[in-house]
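A short reminder: the numbers here are calculations on the coordinates, not readings from a lab. Quick caveat: nothing in here was measured; it's all calculated off a predicted structure. Heads up, the Cβs are rebuilt from the backbone with ideal geometry, glycines too, and the neighbour counts pull from every protein chain shown.
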Amino acid sequence: MVDITPADAVPPAEVGEMELYHPHSWWTKYVFSQDAKVIAIQYSATATAIGMVALVLSWLMRLQLGFPGTFDFITPEAYYQFITMHGMIMVIYLLTALFLGGFGNYLIPLMVGARDMVFPYVNMLSYWIYLLAVLVLVSSFFAPGGPTGAGWTLYPPQAIMTGTPGGQDWGIILMLVSLILFIIGFTMGGLNYVVTVLQARTRGMTLMRLPLTVWGIFTATVMALLAFPALFVACVMMLFDRALGTSFFMPAIVEMGEQLQHSGGSPILFQHLFWFFGHPEVYIVALPAFGIVSDLISTHARKNIFGYRMMVWAIVGIGALSFVVWAHHMYVSGMHPYFGFFFATTTLIIAVPTAIKVYNWVLTLWRGDIHLTIPMLFALAFIVTFVNGGLTGLFLGNVVVDVPLSDTMFVVAHFHMVMGVAPILVIFGAIYHWYPKVTGRMLNEALGQFHFWVTFLGAYLIFFPMHYLGLVGLPRRYAELTDMTIMTESAHHLNSFISIMAFIVGFAQLVFLFNLIWSIRHGREAGGNPWRATTLEWQTSETPPVHGNFGKELPIVYRWAYDYSVPGAKEDFIPQNVPGSFGTSKEPA
Amino acid sequence: MSVILVFLLVVVGFVGWWLSHQRLMSKPWLEQGMAGDFVALDRSALPTAKIGLGVFLAVVGCLFALFTSAYFMRMALSDWQALPLPRLLWLNTGVLVLSSVALQCASVAARRGQLETVKLGLVTAGITALAFLVGQLVAWRELSTEGYLLSSNPANSFFYLITGMHGLHILGGLVGLGRTTAGAWNGARPERLRLGIELCAMYWHFLLFVWLAIFALLAGWAATFIDICRQLLT
């Protein structure tokens, strides 16, 4: 045990306290608030609301797939609009916004021991621009022609042509404008998250003492800041093509017997730009989930995280590697075989740091004092689901296996498992974990158990069969396949079964929403630190934390975030701001 | 996509250099307490606003690197016809350089506490930056009256798109510069004023650098330069 200095020898702070904006009215306190915690709740509420829209859209899709021809109002055009909006909302407006805008805003300042984000005003603007982006997106549902139906990848040329819903109407324009707004808003927030971690850590909070949640969100934000510009460029250029008649992406093309004015553009250029953003986006969603799940497992297994350093390196390594794998989404677009070889290799290499993380989670659980609380259940479910989804990723990363499987339900099953269900499970776990800090009350346990088991088992019953549908050759993005020979009777039954499960799982989410609202008033009182956790957000003097987070003095950090079950210590956890040494911490390998 | 990859390589190099100073090899589970080197690691001595701007400039750099990547990829297709750059761009470049120099003078004067020079520098920078924007608009008009319209050739489209994007960034910078200038007149605290001017200067120098790179790109020198490099390598 190396106790570097006695507790009383804390050097004085060299940097003055930040000046907080003090709200004067109800409006500036709860609506135009500059408090990161209020902004976090605004972000989360907006993301959840738009996420519910995406959930309903998935129900409509499943109605059509499970019971084709039964519902007249679901035309093929409407079906395309449903899949497009469902994908876009879930990936960008829900997952990205919730992880970075929601959890990032709430947890970063509290976990690093800061009063607030470093640029609170810009942080507030970030939320309002995000809200504007969401409103523009929603408005496309009411625009003439409806929202765009180009698929969430918005591939040109079809995205801006007559045959695609919204292609020559308002749909695609509103979609692109909304994305551009989202990116501007996100950049404002992202600057805050990064600079707060860099500059506002409290004394003693070195980078290597940060909880992995902060590492995950921090790295994901850096990646997002570098990846979203690619989407921005793609959106601006496509907007030019659609509105001003340029030919960045549009080749010479005949539409309805008429030669369009475009010529010579390259749809592949769009794909490069889109996936240069699109692949890092997977990890922008996954890395915060990795970080949060590490903290959940460590806290609820009462054991220090196994291989903390390796976890940090793996997060940074995955972040860097994810920028050189984008073309594995484009194998079927055609490329030089050596490029295919290169991108398949880099794709498979990412499995190494990812596998390290999975081993470390499992080894943290090994001989831990596992409490099967609801956050822990979700964390365990995440590990299983992520491994499952990751393994099918190995199939699709290989060019020769990918080509026949491309654009089948197998791909749908893969990405829903790995970047849909897995991160959502972490979000649920994280909400059950931090809800007591946000509201001061626990979520209802019985409803939580119901929510967990229905969601976890139900998600498997939805997405596992999809792998088989994909293997028999069922393509994705088709509104109706009843007349095709691959659509056997059993495949059809499986589709109906998946649809029914989708409704049941969706219903469980309504129960969860009810729990969220009901527990604000009727939940059990939680106290300041119900999980007996070590990180700083649980050590605030008030729960929920007030504006400024901590009391008069900022906490001082004396240890890493994972001092659980330290032999010789009185309790089985030692908060980060408790000085002194207690026996020997178990040393991870 | 090679331009953006090179840009990212630079970013990764910088991040790696920074991380290597953060005791990534330490064993946090063995170290308790607080010591001098822990405190030094808390944060950088640079003002937080400067670091924030630095991160933002990295994002802006990324944006223009991506436009450049797209430019080169689109350029390789057969329908590309380079457009003649208006001579006016040379004058605009000079004006933008002047703007940057004026801000640098203001920054130096602020450090020495010469408020009158500061005001002069700020106003000069503002006016020259506006002049640059007007010059760019005139160049656009010149091109469009000569028949080089936005949609008639991808080279034209890229010209308008990239110069427009750069102009928007200057416009945004002018908002910040306007606030700083107003502060100089309304008697802002000296250290606050100095920080504001330094931030403006940083932003201006960066946008000047971006403009020079864009100019080289649009004039075709960048492509020639890359060709030469490629021939040297093969």
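At a threshold of 8 angstrom on Cα-Cα distance, excluding pairs fewer than six apart, so keeping six or more, what relative contact order does chain A reach in percent? Show your work: numbers first, answer last.
Numbers: 973 pairs, mean separation 92.2, N = 589.
Contact order relative to length: 16 percent.
Give me the net charge for the shell around residue A:162: Cβ to Cβ below 13 angstrom, other residues only, Lys and Arg +1, Asp and Glu -1. Can you show the working numbers first?
Values: positive: A:242; negative: A:77, A:169, A:255, A:258.
Net of charged neighbours comes to -3.
If you count, for every residue in B:18-30, the Cβ atoms of partner chains within 10 Å of its Cβ, what is the mean? Mind dumping the intermediate values first?
On the way: counts 2, 4, 0, 1, 4, 3, 6, 3, 6, 8, 15, 16, 6.
Other-chain Cβ atoms within 10 Å of each residue's Cβ, averaged: 6.
Evaluate peptide A:410-418: per residue, the Cβ atoms of other protein chains within 10 Å of its Cβ; return the mean as an integer. Kindly include the intermediate steps, with their values, before the conclusion.
Working: counts 0, 0, 0, 0, 0, 0, 0, 0, 0.
Partner-chain Cβ atoms within 10 Å, mean over residues of A:410-418: 0.
Where does each of A:35, A:572, A:241, A:169 land when they are ranked from fewest to most other beta-carbon atoms within 10 angstrom?
The order, fewest Cβ neighbours first, is A:572, A:169, A:241, A:35.
Placing +1 on the Cβ of each Lys and Arg and -1 on the Cβ of each Asp and Glu in chain B, which of B:214, B:144, B:15 has its Cα farthest towards the positive end of the resulting dipole?
Of the listed residues, the answer is B:15.
With a 10 Å radius around each residue's Cβ, average the other Cβ atoms per peptide and rank A:518-528, A:420-430, A:301-311, highest first. Walk me through the numbers on the way to the answer.
On the way: A:518-528: 14.2, A:420-430: 25.7, A:301-311: 21.4.
Top to bottom by mean Cβ count within 10 Å: A:420-430, A:301-311, A:518-528.
Can you classify the protein assembly as shown as rounded, prolate or oblate using the Cα gyration tensor, where a ≥ b ≥ c are the square roots of its eigenvalues, rounded means a/c under 1.5, and otherwise it's prolate if a/b beats b/c and oblate if not?
Values: a/c = 1.71, a/b = 1.06, b/c = 1.61.
Oblate is the answer for the protein assembly as shown, as a/c is 1.5 or above yet b/c matches or exceeds a/b.
Expressed as a whole number of Å, what is the distance separating the alpha-carbon centroids of segment A:24-42 and segment A:101-147?
Using only Cα atoms to place each centre, the spacing works out to 12 Å.
Just going by the charge dipole of the protein assembly as shown, with Lys and Arg at +1 and Asp and Glu at -1 on Cβ, which of A:36, A:222, A:150 is farthest out on the positive end?
Most positive-ward Cα: A:36.
Which trypsin sites (Lys or Arg not before Pro) from segment B:109-216 combine a DSSP loop assignment with at most 11 other Cβ atoms within 10 Å?
Details: sites: B:111, B:112, B:119, B:141, B:179, B:192, B:194; in loops: none.
Passing sites in segment B:109-216 do not exist.
How do A:29, A:357, A:552 rank when sorted from fewest to most other Cβ atoms within 10 Å of their own Cβ? Walk me through the numbers on the way to the answer.
Working: A:29 15, A:357 24, A:552 6.
Result, fewest neighbours first: A:552, A:29, A:357.
Taking beta carbons within 10 Å but only from partner chains, what does the mean come to for residues A:309-316? Walk me through the numbers on the way to the answer.
Values: counts 6, 0, 0, 4, 3, 0, 0, 5.
For this peptide, the per-residue mean of nearby foreign Cβ atoms is 2.
Say each of residue A:484 and residue A:517 gets a label point 7 Å from the Cα, pointing the same way as Cα to Cβ; how far apart are those two points in nm?
With each label point 7 Å from Cα toward Cβ, the separation is 4.1 nm.
Return A:416, B:21, A:300 ranked ascending by Cβ neighbour count within 10 Å, so the fewest neighbours appear first.
On the way: A:416 21, B:21 9, A:300 26.
Result, fewest neighbours first: B:21, A:416, A:300.
Among A:29/A:437; A:303/B:27; A:552/B:50; A:37/A:437; A:357/B:27, which pairs are too far apart, with a Cα-Cα distance over 21 Å?
Numbers: A:29/A:437 19 Å; A:303/B:27 17 Å; A:552/B:50 27 Å; A:37/A:437 11 Å; A:357/B:27 18 Å.
Over 21 Å apart, Cα to Cα: A:552/B:50.
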